Amino acid sequence: MSGIAEIWVYLSASPLLWLTATILAYLLALAISAKLGGTPIANSVLIAGLLIIALLQVTQTSYAQYFEGAQFVHFLLGPATVALAIPLYKNLEKVRRSLLPIGGALLAGSLTAMGSAVAIAMAFGAPADVVASIAPKSTSAPIAMELARNLGGIPSLAAVLVILTGILGAVIVTPLMNALKIKDYAARGFAVGVASHGIGTARAFQVSEVAGAFSGIAMALNGALTSILVLVWVLLSQA
Amino acid sequence: MTPKSDEGKAKPRITPATLLAGFAVLISCQLAGETLVSVARLLAPSFVFPGPVAGMLLLLAYLGWRRRLPAGLDAMATGLIGILSLLFVPSAVGIVQYGGLILEWGPPLLLALVISTLLTLLVTVGTYLALARLSNGEEP
């Protein structure tokens, strides 16, 4: 028995174990999702995340130790984000023809994302730092953490809210758009990109390349606009 | 290297070297994006923008200017985007660190997120469709 314990100690200290676990959990999540007929509730990020969290709890492994291995997967998020330029380039004509809807929907969506989250959190009596942390929840995590800090919020709480918003949007978008009988995949993708950043974009690519491309541009533009709106807000409140 | 587009050719030239060159383009753009954002932050310290997204916009501008998409870059990008969901798993697992925060504020915040996300999706898609109809109507 002590031999097995030694092997565990050796393996759990190596990044290979949690890198492998992350990829296997994701493949298992894909298989579960396919088994359930691809229902959006069976979101692959959600299932794989829950599987790994359960595994970490059972094996008493810290997140820091998990991330030693998972960082190699996490690192690829950078080049993958740059890669979103390629589907955008392939759909450049469609983007050029849609500048008016893109601009208008961006402004309306961005203001709704921030305004409604802040209003509801305030209605529940959340303290000022929690309200400040929920405001940038529709942008990607690095932007949201920085903006939350500028607004007097809690960056780590902002990061959690960003992830939850991403998963929520990815789960809701397909049934919602189908129920509304919306067949314009550019519009569907753009909406999920504004509401749910990269996780929404990953979902959009599972549905269609056009949706993915428009979700990618929405994510980029919403990050920029939210930063500007928060900057203006901070300057105005100081004045 | 032919100056014309590789798209639609019978045999796109995907070799280990062109795939690696595609990856090199992606990380070079990311590096350029990170550098650009760092320089912008020197000038305006409260400016926030992720380097990879800046890199994406740089690559889009470059592709739009050159009007040519190398097959290796296309294949590498398609592969990475195909596993985009996997790449968010480590961040999603990061939620475990904040169990206390979530338990403390969980139900009201979760409700706020659900309602706000629903509203954002509806307002964005509604505005998009209305303006798309308007701009299509203006065209002859």
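Any read-out appearing in this document is the output of simple, stated calculations on the displayed coordinates, not a laboratory observation. Just so you know, these numbers come straight off a predicted model, no measurement behind them. Here Cβ is always computed from backbone atoms with ideal geometry, including for glycine, and neighbour counts include all displayed protein chains.
Please tell me the relative contact order of chain A in percent, rounded to the nearest whole number, where contacts are Cα pairs under 8 Å and at least six residues apart. Mind showing how you got there, number by number?
Details: 295 pairs, mean separation 39.8, N = 239.
17 percent.
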Be a star and scan region B:55-84 for residues whose amide nitrogen sits under 20 Å from the point 7 Å along the Cα-to-Cβ vector of B:Ile27.
B:55-60, B:70-84
B:Ile83-A:Val232 FRET efficiency (beta carbon distance; Förster radius 35 Å; 0.05 resolution)
0.40
Pairwise centroid distance, computed over Cα atoms, of region A:56-73 with region A:126-190, Å:
25
I'd like the FRET efficiency for A:Met122 and B:Ala130, computed as 1/(1 + (r/R0)^6) with the beta carbon distance as r and R0 of 22 Å, rounded to 0.05.
0.15
What the Cα atoms of region A:111-239 span along the principal axes, largest first and in whole Å, is 45, 27, 22
In what order do A:Ile228, A:Ile120, A:Ile7 fall by count of nearby beta-carbon atoms within 10 Å, going from fewest to most?
A:Ile7, A:Ile228, A:Ile120
Dipole of the protein assembly as shown, Cα-centred, from +1 at each Lys and Arg C-beta and -1 at each Asp and Glu C-beta, to the nearest 20 debye?
1040
Hypothetical label at A:Ser208: residues of region A:160-185 whose amide nitrogen lies under 19 Å (7 Å Cα-Cβ projection):
A:170-185
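Run lengths n ≥ 4 of DSSP H only: what is the helix-derived mean residue ellipticity at 222 nm for chain B, with -39500 (n - 2.57) per run over all residues, to the nearest 500? Write out the running numbers ahead of the final one.
Values: 6 runs with 105 residues, N = 140.
Helix-only estimate at 222 nm: -25500 deg cm²/dmol.
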Mean Kyte-Doolittle of at least 0.5 plus a Cα span of 30 Å or more along the axis: flag which DSSP H helices in chain B meet both, please.
B:16-43, B:99-138
